[in-house]
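Only one structure is covered here, and it is reproduced in the block below.
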Ligand SMILES: [Zn+2]
């Protein structure tokens, strides 16, 4: 008999950690970070302590109390019971967003992670740029406790098995079929899971109004064909019906930049390659260059390894690398981290600094946001249009950052504009999808309004950590 336990994504957007059990076969679908619960206890400067391994996360309920799933080094470090073999056979990762992927960091490395090929490139791109952080050790990790003498030892590489649409992945009693979907990050999939006595469909995160609506259509058609007993569905935008398409974002931002004088700042999530291409296209059309950070360049380099991602190359003439002031403030090599120095030495790329942008503001679109806004103190743009290309803030921390950003905008006297296309389906499209898939039971997750799905059929309102079976 199949059972499902949601250890996250319950009454909240993200944090999906879904345990599916069929006899002695057990898999997790996603193992993400819950922004909501994390924000209840932690913030930028108060983090779960790496020094305490997994204990801070268990104590605050950021990861569930489960035996046989966590890294042995962390359990041992915490003086907890260490298992011989993991109790879970695999993780099926739907897409590389933090709220679905990040807490894979804590899982036993003997649990293989299945994901799309592009998704793995994105994960490597994120981890390749930045300091090692215990909550972001998805691709590889350093064993804890981490002593100084071990700093130079190579990290433990996690086992990834990549899939493509239509592959049939056999894990114990289950056969899992991934099907691509369109979302605000490449490498996103939904799953159809055939178990011994039932079939489960899982949407992951998806939309129908994006640039690759056909991919989501493929998932819906496949899920409908399989007549699932249970549909685990996201519901991020319950009650919201208005959409901007990516083409509309491009048209709108093109108009804004065309009519602007001086510098333009484009503030968007770099993992959203559709948005990146939107601003790249605009830059080309307007004869400007996109000035990106070393961190974004690392992502671009990893995506360049993947033909399917279809992103422009770093050495493309319309992209330049912005070198920010760091440490000594003298642009000295020693001021930068290893990954930054590597990127700066890429053959064929142009590196610019704040002075160059100050002298030629009309030649650039600066790709940056709240966390790089103080670089503008060095630029002091006389005229500047700031394009905010994200969804509205949806939690307290984001709202506070948004308010601070507004203060900077006023301080610089910038012209503030907003333009965005959501990564999630609107409510009308969602209802249409659920009707077509026509599952016997709907399980709304990744939503703050699960009860709204009751008008669409028989629903199960899950509770955090509650195990339920097909009725
Ligand atoms: Zn997502």
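Tabulated data for the structure shown
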| read-out | value |
| --- | --- |
| Ranked list, fewest to most other Cβ atoms within 10 Å of each Cβ, for 219, 270 | 270, 219 |
| For the chain: Kirkwood Rh in Å [reciprocal of mean 1/r, alpha carbons] | 23.4 Å |
| Highest to lowest packing among 94-107, 287-300, 145-158, scored as the average C-beta count within 10 Å | 94-107, 287-300, 145-158 |
| 365, 54 arranged by Cβ crowding within 10 Å, fewest neighbours leading | 54, 365 |
| Sorted by Cβ neighbour density within 10 Å, fewest at the top, the residues 349, 193 | 349, 193 |
| Cβ crowding within 10 Å averaged over residues, with 411-418, 14-21 ranked highest first | 14-21, 411-418 |
| Prolate/oblate/rounded label for region 344-471 (Cα gyration tensor, a/c 1.5) | prolate |
| Cα pair distances of region 42-116 binned at 10 Å [whole percent] | 18, 50, 29, 4 |
| Base-10 log of normalised Debye intensity for region 246-418 (one unit scatterer per alpha-carbon) at q = 0.12, 0.20 Å⁻¹ | -0.54, -1.52 |
| For the chain, calculated [θ]222 nm from helices alone, where every DSSP H run of n ≥ 4 adds -39500 (n - 2.57) | -8000 deg cm²/dmol |
| Nearest-ten-degree value, helix 213-225 long axis tilted from longest Cα axis of the chain | 0 degrees |
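Every read-out reported here was derived from the displayed coordinates using simple, explicitly stated rules and does not represent laboratory data. Small disclaimer: the values here were computed from a predicted structure and weren't measured. All Cβ positions, glycine included, derive from the backbone under ideal geometry; neighbour counts span all protein chains shown.
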